[in-house]
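The values are calculated or read from the model by the stated rules, or taken from the named source; none is laboratory data. The model shown is predicted, which means the values in this text are computed figures rather than measured ones. So basically every Cβ, Gly included, is an ideal-geometry build from the backbone, and we count neighbours across all protein chains shown. For the accessible areas, the whole protein counts, side chains as well, though only heavy atoms, and no ligand, DNA or RNA atoms are used. Shrake-Rupley method; radii C 1.70, N 1.55, O 1.52, S 1.80 Å.
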Amino acid sequence: MMVWALLCMCFLAVVIPAEGQTASWQKENLQGQMFSVMSGGEVRFRSDALSNVTGLTVCMRVLIEKLYYRVQLTFGNSTDGVSYTGPVTTVPQHYLYVKSDMVSFEMSTMMPSFEQQWPWRNRCFTWESSSGMAQVWFDSTMSIRKGVGRGQVFSGQAELTISGFEGQVSDVYVWDSALSVKHLYCYLTLNHSFPPGSILDWKHIQYSTSGYALLEPTYVRPF
């Protein structure tokens, strides 16, 4: 009870378009902020033009009630790319797609990997083209490594879309390689000594919202 009493919940007023309209792209430092996304809302992020992307790490922090949502990363004008779909109640699996290739990860086989940091839930996945190895990091657990999309290469402006999501999201980062366990662990434990995001970096990121989505100050640690 005391923890919640100490939360800083000062709201930042931002102009959000009416449902069905799309806001223009903006670029700013979002450190210390989060998006609250309600039903029907959507938030997107984009990078500058890229070439020969042969690996990825995608990370974000979330607060949600339902586990299911979709994270899609596309390149250029193509609808193909890399996407992650969270588990549903009837099918407790994570799905990772690299173009038309798909691999699933059973929630029941996820292994403890680090201590969860209040109040956020971490979501990360890594993938490398040369080996095809991919891995999911979910809350305080990690999956085994599995092969998917071996040999695929991506180019063009990257755009990351979070859909089917209701809750808060913050600290969105994307790297053009599979981060080492050391650097990934720094992100997962709120240690800020991880490298800057080479594709998307929360400290200078382009974003656009549509529907019911608010930009607000993030939670302040009570200790």
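Things to note:
- 14 Å Cα-Cα reach of LYS99 towards aspartates and glutamates, excluding residues that sit fewer than 8 places from it in its own chain: ASP80, GLU128
- Difference of contour (0.36 nm per residue) and Cα-Cα distance, THR189 to GLN157: 8.6 nm
- Rounded to the nearest 20, the size of the Cβ-charge dipole of the chain about its Cα centre is 300 debye, with Lys and Arg at +1 and Asp and Glu at -1.
- Listed candidates [x] 16.9, 52; [y] 21.6, 69; [z] 18.5, 53 - label of the one calculated as Rg and Dmax of the Cα atoms in Å: [x]
- Sequence-distant lysines (8 or more away, or on other chains) whose Cα lies within less than 18 Å of LYS27: LYS203
- Segment 47-147, dipole about Cα centre (Lys/Arg Cβ +1, Asp/Glu Cβ -1), debye to the nearest 20: 120 debye
- Residue-normalised accessible area of segment 101-223, given per residue in Å² at a 1.4 Å probe: 42 Å²
- Around the Cα centre of segment 125-185, unit charges on the Cβ atoms of Lys, Arg, Asp and Glu (plus for the first two, minus for the last two) sum to a dipole of about 360 debye.
- Counting protein heavy atoms only, segment 117-157 has 47 percent of its accessible area on carbon and sulfur, 1.4 angstrom probe.
- Dipole of the chain, positive end: most advanced residue of GLY167, PHE194, PRO217 [Cβ charges, Cα centre]: PHE194
- Accessible carbon and sulfur surface of segment 172-223 relative to its total accessible area, %, 1.4 Å: 61 percent
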